[in-house]
1. Give the percent of DSSP beta bridges with both residues in the chain that are antiparallel, rounded to the nearest 5.
2. What accessible area per residue, rounded to a whole number of Å², is obtained for segment 44-180 using a probe radius of 1.4 Å?
3. Mind giving me the nanometre distance, one decimal, between the label points for residue 137 and residue 249, set 7 Å out from Cα along Cα→Cβ?
4. Along Cα→Cβ, 7 Å out, is where each label goes; now give me the distance between the ones at residue 114 and residue 323 in nm to one decimal.
5. So what is the calculated 222 nm ellipticity per residue for the chain, using -39500 (n - 2.57) for each DSSP H run with n of 4 or more, over all residues, to the nearest 500 deg cm²/dmol?
6. Could you pull out every residue, at least 5 positions away or on a different chain, whose amide H is within less than 5 Å of the one on residue 330? Hs are placed 1.01 Å off N in the peptide plane, and Pro or chain starts have none.
7. Taking the Cα centre as origin and putting +1 on Lys and Arg beta-carbons and -1 on Asp and Glu beta-carbons, what dipole magnitude results for the chain, to the nearest 20 debye?
8. Determine ³J(HN,Hα), in whole Hz, for all residues of segment 249-264 in sequence, where each value follows from phi through the Karplus function 6.51 cos²θ - 1.76 cosθ + 1.60 and θ = phi - 60°; x replaces Gly and Pro.
Amino acid sequence: MSLASKSPQPRPGILDIAAYVPGKEHAPGVAKVHKLSSNETPLGASPRAIEAFQAAAFNLERYPDGQAQALRAAIGAVHGLNPANILCGNGSDELLSLLCHTYLAPGDEGIITEHGFLVYKIQIMAAGGTPVTVKERNATVDVDAILAAVTERTKLVFIANPANPTGTYIPVDEVRRLHAGLPEGVLLVLDAAYAEYVRRNDYVAGLELVSANRNVVMTRTFSKIYGLAGLRIGWMYAPPEVIDAVDRVRGPFNLSAAAIAAGAAAVRDQAFVARAVDHNLVWLERVSRSLEAIRLRVTPSVTNFVLIHFPDEDGKHAVDADAFLTRRGFILRAIAAYGFPNALRMTIGSQEANEGVIAALTEFMGRK
C-alpha cells in the first residue's frame, strides 16, 4: 500500500475512549424549557462578575495575563491561600487533563470509583494510562476499596468529594485515612467542584491536607455556584512541586482576559455566594422530601442536585420519566453511563422549575 493511500491514525487507545456526552439542552416543540441537566445555578452570575466581564470587552486586542495573577490573588485572599500554590485552568476539566499528562506514562494506573466523574477515565486514557475502577459502597467512595487497588503502577487517585452524580461525600477522617494509606509517590486528586454547597461539620474540601503534604491536590470550579460555566474557569491548589510541573505543560494563555476578570470579581462577592447557598439548602430539602412522598427514592445529597431512582415497573422507569418530563419542558440528566440506568439526576433550579418537576413527577407516578 502506498503512503498516499493511508490516512492519519490516532495512537493506540484513543478510539477506545467513550467521548463525554453532556446533558441535553433542548425539548423540541416546548415553548419554555427548564434545563436541569448540568448542575448550573438558577441565580446566574454575580452582577459584579458581569460588570467585570463587560469591562474586559474594551481590551480584546490584548493577550490575557498568562499567569492569571488577578484571579489567583482573589482566590488566595478569599480562601487564605498563597497564590503561588494556585494554578488556574480552562475549567477544572483542563486541570484534570494536565495532571494526567504530567504524571502518567503508558502502563501507569489511575484509580477512579465506579460512579465517579467520567472525565477522570477519559483523561487517564488520553494520557496513555490505564484506568482502574473500584466499587463504591452505597453510592459513596469506599476508601478500603481504593487502597486495596493500589499497585506499584498507581500514580494518581481521583475522588470527587462531594461526588457527581450521586451527591454523596466522605467525611474528613475518611479522606485523611485514604491519604495515609497511599504511598508517598501516589498523587491524591480531590475534586471539590461542589464544595461551596456543603454544610456538614465533618466535611472539608482538602485545603489543609494539601498544605500539609506533598502528594495531594485539590481542584475547584467557577462553573457551579459562581454561575460562570460559560467562561470555563477552574483552579487548583497544590504543593509547589506539582504547580511547577503542571505549569510546564499548561498552555501560555489558557484563560481569557474576560474569564480572569469575571472570576476575580465573582470569588470576591461572597454575599452572592451565600444567597446561592441559602436558596439551595431550602430547595434541596423540599425537592427531596416531595419526591420521596410520591415513592421515589432519592440518594441523600449535599450538593445542588439530587439523584432520583425510579421503580422497576413497566411505564415507571427512568427512561419513561425522562420522556414525560421532556414533553413538559423539564430536562433532567439521564445517567446510565454512570452506572445508574434507572435513575435521573435533577439540578436544583428556580422555584418555578423545582415546583414544576415535583408536579410533573407526581402526575407521572400517579398514572395507571
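1. 50 percent
2. I get 44 Å² per residue for this part.
3. Calculated label separation equals 3.3 nm.
4. 2.9 nm
5. The per-residue figure over the chain is -11000 deg cm²/dmol.
6. Residues meeting the amide H criterion: 34.
7. The dipole of the chain has a size of about 620 debye.
8. Couplings: 10, 5, x, x, 10, 7, 10, 6, 4, 5, 5, 4, 5, 5, x, 4 Hz.
The values are calculated or read from the model by the stated rules, or taken from the named source; none is laboratory data. Please read all numbers here as calculations on a predicted model, not as lab measurements. With ideal geometry, Cβ positions are generated from the backbone for all residues, glycine too; neighbour counts draw on all protein chains shown. In case anyone asks, the SASA skips ligands and DNA or RNA and just uses the protein heavy atoms, side chains included. Shrake-Rupley method; radii C 1.70, N 1.55, O 1.52, S 1.80 Å.
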